[in-house]
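Reviewing the structure listed below.
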Amino acid sequence: MPSYHDWKDLADEWAALGDVATDEFRDRDLEIRPAWEDFAAIDRQVRDLTESEQPASFHDLWLLLTKHLELGDKDDRSRWETRCLAELSWFLLQGSDDAGFRVWDADKLREHLRRLKALDLPVREHETEGIAFVREAMYWPGESLAAWERLIEVTGSESSMEALNAALTSLARSRCSDWPEASIDDKLFGYYSLTSPDGGGILIDLAHDWNARTMCQIGWEYGPDWSGYESWLLDYADPDLLAAFTERLRDVGLDPRPPEWPLE
């Protein structure tokens, strides 16, 4: 079974860049995709220079950093990648959107972080502040945030987990009326035990504990004598969780679709 880290091996952790950056790069016909592994070194330089030189603005800091890192000899792309990382570090350090802050749109970045935190997903990284949370947010394009926000809105819920539970409860009650068994435990949040028309057993646990991390689990026993078994663990930190969860529900025969399932 894949670990919850595996999807991140394939993800672009700067996926949110298109939502929170300006057109500075496109105006220069540059494809800027800074490497996150370079951020720590730039962040350290920014913090050291801020402490020692106390620059009043990012513009002042950038002049110091350009000289300190000898960026004058670097190509245009390298300079802008460094500037992108440096401005993100400055934002995390100062929370500032002063006149020298040009690569990132600070208001858009701040709003992006606010929207992700407002979802109240069961993800430890989303509860932090600073670098760890921003790094996690880099995986989240606006489309993924909007999908969760729609789910919360149409179910009248206050959080992502409550919305997912409400949508799944409605789906189970509407689609499983002809199924042999459909148990929804009101005392155990997000836990479903179902028997499909072909005799297969389905277990869904929205709050499955896996190594002290809240995951979404779907188990499926199928075949005439329940000789086959599949199980999926889905990570709430995955921006594609709603799409993956919908596909897994289809795999086990629940066929989610509106209106009981608010998302296609």
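The values are calculated or read from the model by the stated rules, or taken from the named source; none is laboratory data. None of these values were measured; they are calculated from a predicted model. Virtual Cβ from ideal backbone geometry, glycine too; neighbours counted across all protein chains shown. Heads up: the accessible areas ignore ligands, DNA and RNA and are worked out on the full protein's heavy atoms, side chains in. Shrake-Rupley method; radii C 1.70, N 1.55, O 1.52, S 1.80 Å.
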Discussion item. Tell me yes or no: at least one residue of the range 54-68 is of a type in the set (A, V, I, L, M, F, W, C), touching a Ser or Thr at 6+ places or on another chain (Cβ under 8 Å) and modelled with pLDDT under 90.
Written reply: no
Worksheet, complete the sentence: Screening Ala86, Ala16, Ala11 for residues that are open to solvent by 20 Å² or more (accessible area, probe 1.4 Å) and of a type in the set (A, V, I, L, M, F, W, C) leaves only Ala11
Discussion item. What's the total number of residues in the range 59-86 that are over 22 Å from the mean Cα position of the chain (by Cα), assigned to a helix (DSSP H, G or I) and within 19 Å of Leu30 (Cα to Cα)?
Written reply: 12
Item to complete: Identify all residues within the range 129-140 that are surrounded by fewer than 18 Cβ atoms within 10 Å (Cβ to Cβ) and either in contact (Cβ under 8 Å) with a residue 24 or more places away in the chain or not in a helix (DSSP H, G or I) (or both); write none if there are none.
Response: Glu129, Gly130, Ile131, Arg135
Item to complete: Kindly check whether there is at least one residue in the range 200-216 that is under 20 Å from Leu145 (Cα atoms), modelled with pLDDT of 90 or more and part of a loop (DSSP other than H, G, I, E, B).
Response: no
Worksheet item: Only one of (1) exposed (fewer than 14 other Cβ atoms within 10 Å of the Cβ); (2) hydrophobic (A, V, I, L, M, F, W, C); (3) within 25 Å of the chain's Cα centre (by Cα) fails for Val123. Which number is that?
Response: (1)
Item to complete: Report, ordered by the first and then the second residue, all pairs with beta carbons closer than 8 Å, sequence separation of six or more or different chains, a first member in the range 105-116 that is open to solvent by 20 Å² or more (accessible area, probe 1.4 Å), and a second member that is of a type in the set (D, E, K, R) and in a helix (DSSP H, G or I).
Response: Lys108/Asp19; Arg115/Glu149
Item to complete: Select from the range 180-192 the residues that are surrounded by fewer than 16 Cβ atoms within 10 Å (Cβ to Cβ) and either in a strand (DSSP E or B) or touching a strand residue (DSSP E or B) at 6+ places or on another chain (Cβ under 8 Å) (or both) and write down the one among them that is modelled with the highest pLDDT.
Response: Phe189
